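In what follows, a single structure is set out as structure tokens and then discussed.
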Amino acid sequence: MNWYDKAIVYQIYPKSFQDTNDDGIGDLQGVIAHLDYIKNLGFNTIWLNPIFVSPQVDNGYDVSNYFAIDPILGDMDDFTEMMDKAHHLGLHIILDLPINHTSDQHPWFKDAVNNPNSIFKDYYIWHKQVNGHEPNNWGSFFGGSVWEKNPNNSEEYYFHLFDKKMPDLNWKNPEVRKSIADIAKFWIEKGVDGFRLDAFIHIAKANLEQNSLIQDEQFPADDTFYAKLPKVKDYLATFVREIKDFKPDTFLFGEASSANALDAAEYTRPDEDGCDVVVNSGNYGEVYDDSNPDVPGFFQTRRLSLDRLKKTYVTWESVLANISLPTLTWGNHDISRLRDRLNLPIDNEDVSKLLATLMYLQRGMPIIYYGEEIGMHGLKYQQVSDFDDQRAVDLINTLHKKSFKDEEILKLLNNQDEMTARGPMQWDDSQYCGFSNKEPWNWGQTDETNVSAELKDSKSLATFYKNLLSMKKHDCFTNGDYQLLITDPEIYAYLRQTRDNKGIVVTNFSNKVKKFTLPEEKWKKVLANKVKLTNNELILDPWGSCALESKI
């Protein structure tokens, strides 16, 4: 068994975690300041969003120097101090590694556009214009075409799946694969324990001569041509082999936003060189309200469907049973926060405790976004002009053309836009939440919850998370098989079992009192909220949740 088979991951957005030099931006010293907090909650692994030098067009995912820390976050001395202190506490560190693209300010790309004979030209994807236009009509995820003209050659285009300042790397080129592996090795030698491979499912592209079949848009975004293509596995395998040969216990955590369970199985097969686990963005049991087709899907109102969630995890647990661990998460930096996004029936800590119990004691690897443990909401901006991320700007422009009022657009953005989830960590009740003495880089109306208050309350959500993560380390909840139980539609219950122990989780997703009869064994409550156990019958108050254990 590898160390990461028992990983409990805490995701930190460094710019928003803790500012220690009063510039309004979080930094590595801010991470260092709270390593004990993270350890005491029960986490053993930290995933940091990108910390490399970047123009910050896409908040660090546009890297211009992979071998240095961005000055807004600190320097290599800060990084070394963070690694040393984390390892002393028994914490592993995972870095976010963008491998699909670089910044247009990266030396490779700058040389490629400025030097006709550059050895780095083939590090990127190029195509001549076709009939005076873009080579094809593929659409970028950030809007518009995937093609942008070479600034020094008007007849030539480069490919960018995301922002035009983020040109895609050409993974067909073995030198690109070697260069990315060399970057990873550099950081492994600095002590890094693993990497989140950002957007790895996009590193292979289809025949560039093809046009999208969707013709009702000028530049439709179509995954068919640049996601999960067969060559992804080949390119990934060469990278993984080199890294695992260099340091076998390096954790490779693949980000595949559109992957389903079968995709995850293919990318994590133990008999092939692939990722150790894969995380996607579709396992939240969401049902979209598509009653207004003028609103793009990402911004439509959503609700949590317990039935859909059950079907999702039955599928993932069964497909990955003998292959790899599912990843268990309620969110990340790319979507709005859980308590805003899912339009929950009520908004209180009982529901948050239920959702945590339901999700994280399943078979799999918990990945918990900073602030979730205290029930943080996303930021609430006061006007649409406060939003400047590309997806939000596109929505505002689109809906203005369709005569939507600003207040309607603002509600959609505050509920769904990812920038609302990147607000400052709320450490205390001071002016800027204890994050900084200066107005944070990303600021809006916040809620009243904070770490200081939560840690003083034995019944708080943070205390509950600490107890929950302690339970997660028990044998049955770490290594046990998984079986979803057939129950009342408003109850989510499952069994975890090893040779020596059984665990059962029961949650009441309703505003009514529910009864649940346990199997005829001697059960002990190990984690509970608003639940009574009498003989072998559970009485669950509205939004009650519990975990129980039994010796075999």
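The values are calculated or read from the model by the stated rules, or taken from the named source; none is laboratory data. Predicted, not measured: the structure shown is a model, and the values here were computed from it. Accessible surface areas use protein heavy atoms only, side chains included; no ligands, DNA or RNA. Shrake-Rupley method; radii C 1.70, N 1.55, O 1.52, S 1.80 Å.
Taking the alpha-carbon centroid of each part, what is the distance from the stretch 404-421 to the stretch 124-192 in angstrom?
Cα centres, the stretch 404-421 to the stretch 124-192: 31 Å.
Hey, what D do you get for the stretch 54-169 in µm²/s if you plug the Kirkwood alpha-carbon radius into Stokes-Einstein at 10 °C and 1.306 mPa s?
For these conditions, the coefficient is 100 µm²/s.
If you work out Cα extents along the principal axes in Å from the coordinates, which of (i) 79, 58, 49; (ii) 67, 66, 43; (iii) 115, 47, 46 do you get?
Identified label for the calculated read-out: (i).
If you count the DSSP beta bridges with both ends in the chain, what percent of them are antiparallel, to the nearest 5?
Around 65 percent of the beta bridges assigned by DSSP in the chain are antiparallel ones.
If you bin every alpha carbon distance in the stretch 241-289 into 10 Å steps from zero, what whole percent lands in each bin?
Bin by bin from 0 Å, the calculated values are 25, 44, 22, 7, 2.
Mind listing the phi-derived Karplus ³J(HN,Hα) values for the stretch 116-126, rounded to whole Hz, using 6.51, -1.76 and 1.60 with θ = phi - 60°, and x for any glycine or proline?
Coupling constants for the stretch 116-126: x, 10, 4, 6, 9, 4, 7, 6, 10, 10, 10 Hz.
Sorted by accessible area with a 1.4 angstrom probe, largest first, how do Lys456, Lys247, Lys190 fall?
Lys456, Lys190, Lys247
Relative to the first principal axis of the alpha-carbon coordinates of the chain, what is the inclination of helix 306-319, with its axis defined by its Cα atoms, in degrees from 0 to 90 and to the nearest 10?
Orientation of helix 306-319: about 70 degrees from the principal axis.
As a test of reading the structure, rank Trp523, Trp441 by solvent-accessible area (1.4 Å probe, protein chains only), most first.
Per-residue accessible area, sorted high to low, gives Trp441, Trp523.
Using Cα-Cα distances under 8 Å and only pairs 6 or more residues apart, what relative contact order does the chain have, in percent?
Over the chain, the number comes to 12 percent.
Return the subset of Lys380/Lys466; Lys353/Lys472; Lys473/Lys551; Lys39/Lys472; Lys178/Lys247 for which the Cα-Cα distance in this structure is over 19 Å, preserving the input order.
Lys380/Lys466
Rounded to the nearest 10 Å², what accessible area does Tyr369 show when all protein chains are kept and the probe is 1.4 Å?
Tyr369 has an accessible surface of roughly 10 Å² with all protein chains in place.
Please work out the C-alpha center-to-center distance from the stretch 1-20 to the stretch 457-475 and express it in whole Å.
17
Starting at the first residue of the stretch 335-351, write each ³J(HN,Hα) from the Karplus equation 6.51 cos²θ - 1.76 cosθ + 1.60 with θ = phi - 60°, in whole Hz, x for Gly and Pro.
Computed from phi, the couplings for the stretch 335-351 are 9, 5, 5, 3, 6, 9, 6, 8, 6, 5, x, 9, 10, 8, 6, 4, 5 Hz.
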